[in-house]
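Each remark here refers to the structure printed beneath this line.
The values are calculated or read from the model by the stated rules, or taken from the named source; none is laboratory data. What you are looking at is a predicted structure, and each value in this text was computed from that prediction instead of being measured. Here Cβ is always computed from backbone atoms with ideal geometry, including for glycine, and neighbour counts include all displayed protein chains. In case anyone asks, the SASA skips ligands and DNA or RNA and just uses the protein heavy atoms, side chains included. Shrake-Rupley method; radii C 1.70, N 1.55, O 1.52, S 1.80 Å.
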Amino acid sequence: MNWRTLTVRTLGYEQIQAYYALTKPRVVAVMLLTAVVGMLLADESLPWRALFWGTLGIALSAGSAAAINQLVDSKLDALMARTHRRPLPQGQVSQQQALIFAGCIGTAGITILALQVNPLTAWLTLASLIGYAVIYTAFLKRATPQNITIGGLAGAAPPLLGWTAVTGEVAAESLLLVLIIFAWTPPHFWALALHKKEEYARAGVPMLPVTHGEAFTRLHIVLYTCLLFAVTMFPFLTGMSGWLYLVGMCGLNIRFAQWTWRVWKAEDQQAPMAMFWFSIKYIMAVFAVLLIDHYLTL
């Protein structure tokens, strides 16, 4: 093997890594977890066809939305420490390449859902993709400090998509799963916005701490945390889940409340970022407890 062959292979690997990073794999992984739980909650048996094709189609579509998000936000990402190492600001992928890549995997994902799953899931996934990649990223993010509240609905769709992939219809239980993520999104993201306030201000993004101040944002984190706690009780109160879920959620909510309290007191400058990272584990744990309760009833 000569040095030229080695260089070509290295560049090829780096290019693949760059395209992979465009899909925001860690974010998509959390979304897929909620989608799969939605599938399993919708059917007592293991719906293998929906699990395979539904997960693949949703993953490709979510990756496409993430790539479009990075394409639209490439100039903004270059200004922020958290995102300046992404493929587009680093020049690892051109804007044209990113657009073609997003279009290809997005088309593949929606096509798989339409042909192998059902049309309803395909249409809902397309609506979610447009909602996140276009409506939120291109308009809401720069238009209003309530961007994450309004745009959060698109990011809350995966459990609904999982549910419809199995049943072919929208049910009240699936909408309840969406509501949980919808209520979780503001305190999750506003904690990050508190920590990155100066970066958002320099980039001209009207996040809540920038437009209304830190105290106002901390208050809204507390209020939305209370809403989240109420919403997470609904599966038990409606009979969708049992005592195991209730016990698990009480423990998770107590821990979430501890982080909210630390953010509210504003004595620890690292608390918002720590709450942000914990909130990701929290939402994954919520859906894990839902699934465990579904198969192990107390």
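Roughly speaking, what is the stretch gain from Val222 to Gln146, that is 0.36 nm per residue apart minus the C-alpha to C-alpha distance, in nm to one decimal?
Value of the extension gain: 25.8 nm.
Looking at the chain as a GNM with Cα springs under 10 Å, which of Trp243, Trp264, Trp184 has the largest mean-square fluctuation?
Trp243
Full extension from Tyr20 to Glu169: what is 0.36 nm times the residue separation minus their Cα-Cα distance, to one decimal in nm? Walk me through the intermediate numbers first.
Details: separation 149, 0.36 × 149 = 53.64 nm, distance 3.20 nm.
Net length gain for the segment: 50.4 nm.
Evaluate E = 1/(1 + (r/R0)^6) for Val27 and Gln269, where r is the Cβ-Cβ distance and R0 equals 25 Å; express this FRET efficiency to the nearest 0.05.
0.50
Work out the count of Lys pairs in the chain where the Cα-Cα distance is under 26 Å, with the pair 8 or more places apart or on different chains.
Here the count comes out as 16.
To the nearest 20 Debye, how big is the dipole of the chain about its Cα centre, given +1 on the beta carbon of each Lys and Arg and -1 on that of each Asp and Glu?
Once rounded to the nearest 20, the dipole reads 880 debye.
If you roll a 1.4 angstrom probe over the protein chains with everything in place, what fraction of the accessible area of the range 166-246 belongs to carbon and sulfur, to the nearest %?
On the way: 2130 of 3280 Å².
Of the solvent-accessible surface of the range 166-246, carbon and sulfur hold 65 percent.
Find how much the distance from Ile135 to Trp277 grows on full extension, using 0.36 nm per residue of separation minus their present alpha carbon separation; answer in nm with one decimal.
48.5 nm
So how do Tyr295, Tyr224, Tyr200 rank on accessible area, 1.4 Å probe, biggest first, that is with the largest at the start? Walk me through the numbers on the way to the answer.
On the way: Tyr295 100, Tyr224 50, Tyr200 5 Å².
Final ranking, largest accessible area leading: Tyr295, Tyr224, Tyr200.
What is the calculated FRET efficiency for Ala127 to Val247, with r their C-beta to C-beta distance and R₀ = 51 Å, to the nearest 0.05?
Working: r = 36 Å, r/R0 = 0.70.
Efficiency at R0 = 51 Å is approximately 0.90.
Let me spell out the model: positive unit charges on the Cβ of Lys and Arg, negative unit charges on the Cβ of Asp and Glu, origin at the Cα centre of the range 120-224. What dipole size does that give, in debye rounded to 20?
360 debye
Taking K and R as +1 and D and E as -1, what net charge do the other residues with C-beta under 10 Å from the C-beta of Leu41 add up to?
-4
Could you give the accessible area per residue of the range 138-238, probe 1.4 Å, as a whole number in Å²? Mind dumping the intermediate values first?
Numbers: 3800 Å² over 101 residues.
It amounts to 38 Å² per residue over the range 138-238.
Does a label point 7 Å from the Cα of Ala288, set along Cα-to-beta-carbon, have any residues of the range 33-64 with amide nitrogen under 19 Å, and which are they?
So the set is 33-41.
Which residue, Ala18, Ala156, Ala65, has the most motion in a Gaussian network model of the chain that connects Cα atoms within less than 10 Å?
In the Gaussian network model the winner is Ala18.
Answer rounded, prolate or oblate for the range 144-279, using the Cα gyration tensor with square roots of eigenvalues a ≥ b ≥ c: rounded when a/c is under 1.5, else prolate when a/b is larger than b/c, else oblate.
Working: a/c = 2.82, a/b = 1.53, b/c = 1.84.
Since a/c reaches 1.5 but b/c is at least a/b, the shape of the range 144-279 is classed as oblate.
Farthest toward the dipole's positive end in the chain, which of Ala59, Met249, Ala271, given Cβ charges of +1 (Lys, Arg) and -1 (Asp, Glu) about the Cα centre?
Ala271
Pick from Ile16, Ile283, Ile180: which residue has the top mean-square fluctuation in a GNM of the chain where Cα pairs under 10 Å get a spring?
Looking only at Ile16, Ile283, Ile180, the largest GNM fluctuation is found for Ile16.
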